[in-house]
Amino acid sequence: MNQQRFDDLTRKLATTHSRRALVKGLIAGATGGIFAASTGGGALASGGSRNQAGMSERSAILQWVLCHLGQTAATKWTYCAGQCVNEYTDNHNCGACGHECAACEQCVGGQCVSTCNDNNACTTDICNPTTGQCEYTPIVCDDGNPCTIDTCDPVLGCVHTPVSCDDNNACTTDICNPTTGQCEHTPIICDDGNVCTVDTCDPVLGCVHRQRICDDNNACTVDMCVPNLGCVFIPIDCDDGNPCTIDSCQPESGCSYENVTDGTGCSTGEVPNGLCFSGVCTAQG
């Protein structure tokens with residue numbers, strides 16, 4: 001079919017009415033005079049002689065027309081090597097006549113697309129167009145961080161799990177050094193800034209702050225802890241207000257009171273001028 005005939009045919013195919021008329025004419029064995037001008041009333045002219053060459057050409061044209069009548073947005077029907085093929089899906093004529101997809105490819109939308117998929121997130125899947133074979137290359141999950149354990153999960157892909165540096169000691173801060181990849185365990189500081197507590201660390205509980213005990217084992221002092229000062233030991237007052245006793249304090253027992261010698265002079269609010277007898281200030285009488 002020469003160019004002139006092709007152009008005439010294309011114009012006729014522009015409308016549904018012309019397509020129907022053309023196909024009807026071709027099926028009936030005539031083209032409706034489409035090619036009369038170019039054939040000079042030859043094989044394809046309406047009413048012309050039906051020689052063998054004309055019948056073969058009409059048959060080819062009919063197949064070409066029928067092939068192109070089925071065009072949709074999702075298809076691209078093309079007449080290739082005597083066959084009507086869809087360039088969008090035909091693996092042997094993908095996107096163009098004779099464009100062959102590899103054995104590991106599928107024609108999709110006129111493009112050869114790899115069908116290689118092992119459903120393993122740990123491989124890179126490619127189709128080798130030269131060999132037609134699928135190639136599955138393991139992916140590299142190394143994140144360059146020595147403080148992670150790099151693995152690959154077939155479903156999730158790369159997984160980077162932090163290295164555990166836990167020494168099971170509540171008294172240390174455990175970290176992984178990103179430079180060396182080594183675990184470092186630094187003792188924690190339990191100082192609460194209070195001098196009245198004793199700060200220690202329990203490997204299980206962590207920091208423990210116990211009240212400081214200020215006992216100096218001296219019964220003659222009052223022992224206490226004063227914030228910002230610490231332990232303070234204040235001597236106790238053993239004065240019993242009795243002029244007829246000698247007041248003292250023993251570190252082991254505390255305050256003690258010994259009677260003065262009987263007849264010793266004494267003075268109290270009630271007895272302004274008396275004498276001591278058995279530890280009691282008695283008025284002279």
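Across the stretch 198-215, what is the total count of residues that are farther than 26 Å from Asp167 by Cβ and surrounded by 14 or more Cβ atoms within 10 Å (Cβ to Cβ)? Spell out the reasoning first.
Here is the first cut: in the stretch 198-215, the ones farther than 26 Å from Asp167 by Cβ are 211-215.
If we keep only those that are surrounded by 14 or more Cβ atoms within 10 Å (Cβ to Cβ) as well, we get 212, 214.
Going through the stretch 198-215 one residue at a time, the tally reaches 2.
Across the stretch 180-214, what is the total count of residues that are assigned to a loop (DSSP other than H, G, I, E, B) and either of a type in the set (A, V, I, L, M, F, W, C) or touching a residue at least 24 places away in the same chain (Cβ under 8 Å) (or both)?
Adding up the residues that qualify gives 13.
State whether the residues of the stretch 222-230 include one that is of a type outside the set (Asp, Glu), at pLDDT 95 or above and surrounded by fewer than 10 Cβ atoms within 10 Å (Cβ to Cβ).
Checking the stretch 222-230: not a single residue is of a type outside the set (Asp, Glu), at pLDDT 95 or above and surrounded by fewer than 10 Cβ atoms within 10 Å (Cβ to Cβ).
I need the full set of residues from the stretch 91-106 which are within 24 Å of Val65 (Cβ to Cβ) and either among the basic types (Lys, Arg) or in contact with a Cys (Cβ under 6 Å, 6 or more places away or on another chain) (or both), in order please.
So the first thing to find is which residues in the stretch 91-106 are within 24 Å of Val65 (Cβ to Cβ), and the list is 92-99.
Selection gives Asn93, Cys94, Cys97.
Residues to consider are Gly265, Gly274, Gly279, Gly269; find the one that is on the phi > 0 side of the Ramachandran plot and of a type outside the set (S, T, N, Q).
Of Gly265, Gly274, Gly279, Gly269, the one residue that is on the phi > 0 side of the Ramachandran plot and of a type outside the set (S, T, N, Q) is Gly279.
Could you list, in sequence order, all residues of the stretch 113-141 that are more than 24 Å from Thr151 (Cα to Cα) and β-branched (Val, Ile, Thr)?
Val113, Thr115, Thr130, Thr131
So is Asp125 under 30 Å from His160 (Cα atoms), in contact with a Phe, Trp or Tyr (Cβ under 8 Å, 6 or more places away or on another chain), at pLDDT 95 or above and not in a strand (DSSP E or B) or not?
Taking the combined requirement at face value, the residue does not satisfy it.
Matching residues to (1) modelled with pLDDT of 95 or more; (2) farther than 23 Å from Asp215 by Cα:
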{"residue": "Ile234", "(1), (2)": "yes, no"}
{"residue": "Asp239", "(1), (2)": "yes, no"}
{"residue": "Ile246", "(1), (2)": "yes, yes"}
{"residue": "Cys249", "(1), (2)": "yes, no"}
{"residue": "Gly254", "(1), (2)": "yes, no"}
{"residue": "Val260", "(1), (2)": "yes, yes"}
{"residue": "Gly263", "(1), (2)": "no, yes"}
{"residue": "Gly274", "(1), (2)": "no, yes"}
{"residue": "Gln284", "(1), (2)": "no, yes"}
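The values are calculated or read from the model by the stated rules, or taken from the named source; none is laboratory data. These numbers were taken from a predicted model, which means no experiment stands behind them. Cβ coordinates were reconstructed from backbone atoms using ideal geometry, including for glycine residues, and neighbour counts include every protein chain displayed.
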